[in-house]
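Nothing in this text is a laboratory measurement; each read-out follows from the coordinates by a stated rule. Given the structure is predicted, the values throughout are model-derived calculations rather than measurements. Please note: Cβ atoms are built from the backbone with ideal geometry, for glycine as well, and neighbour counts cover all protein chains shown.
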Amino acid sequence: MTAPFVMLVDDEVPFVEITAKRLEERSFEIITAFSAEECLEKLKTNPRLDGIVLDIQMPGMDGIEALKVIKKESPLVAVIMLTGHATIESGIEGMKLGAYDFLMKPCDIEELALKIEEAVKKKREHEEKIKEALKQETLSKYGPFYYT
């Protein structure tokens, strides 16, 4: 499996910088954003993004609102919500809206890395199923000569 390509999104700059460094040490490819708005801009220019670790509580657009846009624009991107100040109910709301999971801040880096790996694996399995379904559809329409 190629290294997971993940965006960390949180308005707490030191948290993002330290977490990014610790995940890069574990062979993750990381980009960062310090607001939901910046996250949505970077999502447009990074189509191969596997996952997003998204803080719920941020000034401006919060993580729940950002999640709604992410799932509309890039439904397969795996999203893990982080909740520190927010309640567990916000994390559960995020999962109802399509987040893979949520963790309480501060979270253990090993737990976060494992959640990201699980989420990315699930995302990539979904992508493979879609590719296979499209291949089968093409074969049924045009026959095996289309692929030779």
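Working from label points 7 Å from Cα in the Cα-to-Cβ sense, the residue 26 to residue 95 distance is 1.9 nm.
Placing one equal scatterer on every Cα of segment 67-148 and applying the Debye formula, the log10 ratio I(q)/I(0) at q = 0.14, 0.15 Å⁻¹ is -0.59, -0.64. Ordering 139, 103, 6 by Cα displacement along the dipole of the chain toward the positive end leaves 139 in first place; charges were set at the Cβ atoms of Lys, Arg (+1) and Asp, Glu (-1). Across the chain, the volume of the C-alpha convex hull divided among the residues equals 115 Å³ per residue.
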